[in-house]
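Note sheet for the following structure.
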Amino acid sequence: MEEEPLAGRAFGEVYRVQGRSDLHTFLLDAVRASGGRVLYASDPHRAPVYLGVQLDSDERIGMLVYPFRVTRNSIKNRPDDEVRGQLRYGAEESWKREHPVGRDVAGVDVTMILGVDLADGVILGLDANIWDPLPMGISFYAKDAEIQQAKTSGWHVWEKVNRAGTKRSEPRSPTSLETVVAFTPDRLIDYARLERRATSLRLDPPLRYSAAVALADKTAVDELPRRHVLEEQFALTSEQILDIIGGRNRLSVAVRGGVAEYHLEHLLETSPDIAAIERLDVDAMHDFNVTLSDGRLMRVECKNASPKTSASGSFKVEVQKTRASKGDPASRFYPVDGFDVVAACLFSPTGRWEFRYGLTSRMARHKDFPDRLAPIQTITDDWAESLSALSE
C-alpha cells in the first residue's frame, strides 16, 4: 500500500499490485465496448484503477474501479456451481485494519467495486455503499447460473443474502440482503451511471434493486432525466429533497406509502392474471380498481405491513386512517365494504417488495363498531400471494 496521488488526485489508499494487467486491459476494452473513449488510464500496477472516459455525447465520467478477479477454483465445503472472487490488496497483515473505499469528495467521479470474470466476459458489480470499507481477505460468490444469464442477456440483477461473519458481527445491509448486478462489458458505462445514481441518492439495497432492474432495458439508460421536475420546482437537489423527507416522520410515512403503491402497480401491470388496472388518486377512495383476466373486479387498498411481527411470529398490518372526523370516532376505521382487498407490502419486515393479499370480508371487525375493520389485522395463511389466488 502507498499513499500517493492517483491521476493527480488523492483517493485514499493506492495499492501496488502484480499479475493484474489482464484485468486492466479488460476494463479498457469494456469502456470502448460500452461506447466510451479512454482519455486517461492509471498505471496497471496500481489499484484502484482510475479511468477518464468520454462519450460520443461529450459527457465525461471519471471511474475509480476496484477490480477483483473471479475464478472457478474448487473450494472445500462450497458448492461446485459457483464462481468466487476474493478481496485482496496489500499484505495479509494489513487486512486486520480497515480499508476505506476511495471517494471523490466533489461527487464527480464514481467509485465501483467489480468482480471480473475473464473466462465468461462478465462483470459482477458489488454495492459500493455496503462494501465500504473493503473487508480484505473476504470472498464473494455468485452462482454460475447467474453468470450465464448475464452472459446471455447482458444485464442481470438479483438479491443475495449477506450474513454476519468472522470479521463482522452484523450483516453489511440492515435488511440482510444486497443487490448484485452482473453485466457484459458493453454495459460498463450503464453500470457506472447506476452506481453514480445509487451513491448520490444513498439508495438502500431494495431501492438499488429497483433502479437496476429498471435499467435492464438499455434504452432506459439514455432516457434517464438529468434533473427531475421536482428538483426544478423546489430549487433543490434530489439529495436535499430526500434529506427533508427523511427528517420529517409524517413525510417519510407518506412517501413509504407512495413507494409501496408504486411497486404494487408495477407488479400488477406485469402480472399475466391482470387484465386492467386503474390507479385512483382520490380522497376517501381505495387505491386501485383491478380487473382480473377471469373478469372479476377488485377494489384494492395498499398498506405497509408493520416492521414488527405479532407474538406468534405472523406479519401484521395497520388498516385505519390517520385521524377521525370531529365528533365521529368511527370515521377513523374503514367500512367493511369500503374495498375488497388489502394489499400488504412486506418490505418493512422482510426488506423485499413483496405483497400479501387479504379479503376484507374475512378480516376481523372492530370491537366497538361491527361495520368497521379492526385497526390491526394479522396476515394469516388465508392471505394469498397473488390477487388471482383469492376466492370467497
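The values are calculated or read from the model by the stated rules, or taken from the named source; none is laboratory data. Just so it is clear, the structure is predicted and the values come from calculations on it, not from any experiment. All Cβ positions, glycine included, derive from the backbone under ideal geometry; neighbour counts span all protein chains shown. Note: areas computed on protein heavy atoms with side chains; ligands, DNA, RNA excluded. Shrake-Rupley method; radii C 1.70, N 1.55, O 1.52, S 1.80 Å.
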Please work out if LEU251 is open to solvent by less than 80 Å² (accessible area, probe 1.4 Å), under 24 Å from the mean Cα position of the chain (by Cα) and closer than 19 Å to ARG356 by Cβ. no
In the range 203-224, the residues that are open to solvent by less than 70 Å² (accessible area, probe 1.4 Å), at pLDDT below 80 and not in a helix (DSSP H, G or I): LEU224
Scan the range 162-196 for residues that are open to solvent by less than 60 Å² (accessible area, probe 1.4 Å), of a type in the set (S, T, N, Q) and at pLDDT below 95 and jot them down. ASN162, SER173, THR175, SER176, THR179
Residues in the range 275-304 that are part of a strand (DSSP E or B), exposed (fewer than 14 other Cβ atoms within 10 Å of the Cβ) and of a type in the set (Asp, Glu): how many? 1
Tell me, yes or no, whether the range 305-327 has at least one residue that is touching a residue at least 60 places away in the same chain (Cβ under 8 Å), of a type in the set (Val, Ile, Thr) and within 20 Å of LEU264 (Cβ to Cβ). yes
Of all residues in the range 319-331, which are open to solvent by 30 Å² or more (accessible area, probe 1.4 Å) and touching a strand residue (DSSP E or B) at 6+ places or on another chain (Cβ under 8 Å)? GLN320
So for the range 230-245 (the condition being hydroxyl-bearing (Ser, Thr, Tyr), in contact with a strand residue (DSSP E or B) (Cβ under 7 Å, 6 or more places away or on another chain) and not in a helix (DSSP H, G or I)), does at least one residue qualify? no
Scan the range 339-365 for residues that are among the small types (Gly, Ala, Ser) and open to solvent by 30 Å² or more (accessible area, probe 1.4 Å) and report the count. 3
Would you confirm, using the coordinates I've provided, whether GLU265 is open to solvent by less than 50 Å² (accessible area, probe 1.4 Å), among the charged types (D, E, K, R), out of contact with any Cys (no Cβ under 6 Å at 6 or more places or on another chain) and under 16 Å from GLY358 (Cα atoms)? no
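Of all residues in the range 305-318 being of a type outside the set (Phe, Trp, Tyr) and open to solvent by 50 Å² or more (accessible area, probe 1.4 Å), which is nearest to ILE376 (Cα to Cα)? Even if it seems obvious, please write down each step before you answer.
Let us first name the residues in the range 305-318 that are of a type outside the set (Phe, Trp, Tyr), namely 305-314, 316-318.
With the extra rule that they be open to solvent by 50 Å² or more (accessible area, probe 1.4 Å), the set shrinks to 307-309, 311-312, 316, 318.
Numbers: PRO307: 13, LYS308: 12, THR309: 12, ALA311: 13, SER312: 14, LYS316: 7, GLU318: 5 Å.
Among residues in the range 305-318 that are of a type outside the set (Phe, Trp, Tyr) and open to solvent by 50 Å² or more (accessible area, probe 1.4 Å), the one nearest to ILE376 (Cα to Cα) is GLU318.
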Can you name every residue in the range 225-242 that is modelled with pLDDT of 75 or more, among the hydrophobic types (A, V, I, L, M, F, W, C) and exposed (fewer than 14 other Cβ atoms within 10 Å of the Cβ)? PHE234, ALA235
Of the residues that make up the range 107-126, is at least one free of Cβ contacts under 8 Å to residues at least 40 places away in the same chain, of a type in the set (Gly, Ala, Ser) and open to solvent by 10 Å² or more (accessible area, probe 1.4 Å)? no
Look at the range 15-37 and say how many of its residues are of a type in the set (D, E, K, R) and either open to solvent by less than 40 Å² (accessible area, probe 1.4 Å) or at positive phi (or both). 0
Residue pairs, Cβ under 7 Å, 6 or more apart or interchain, first in the range 76-94 and closer than 21 Å to LEU114 by Cα, second surrounded by 10 or more Cβ atoms within 10 Å (Cβ to Cβ) and of a type in the set (D, E, K, R). List them. ASP81/LYS143; ASP81/ASP144; GLU82/LYS143; GLU82/ASP144; VAL83/ARG72; VAL83/ASP117; VAL83/ASP144; GLY85/ARG69
Run GLU93 past the list (1) open to solvent by 70 Å² or more (accessible area, probe 1.4 Å); (2) of a type outside the set (S, T, N, Q); (3) modelled with pLDDT under 95; (4) assigned to a strand (DSSP E or B) and report the number of the one that doesn't hold. (4)
Looking only at strands (runs of 3 or more DSSP E) that fall completely inside the range 99-149, which ones have 1 or more residues that are under 17 Å from ALA47 (Cα atoms) and hydroxyl-bearing (Ser, Thr, Tyr)? 110-117
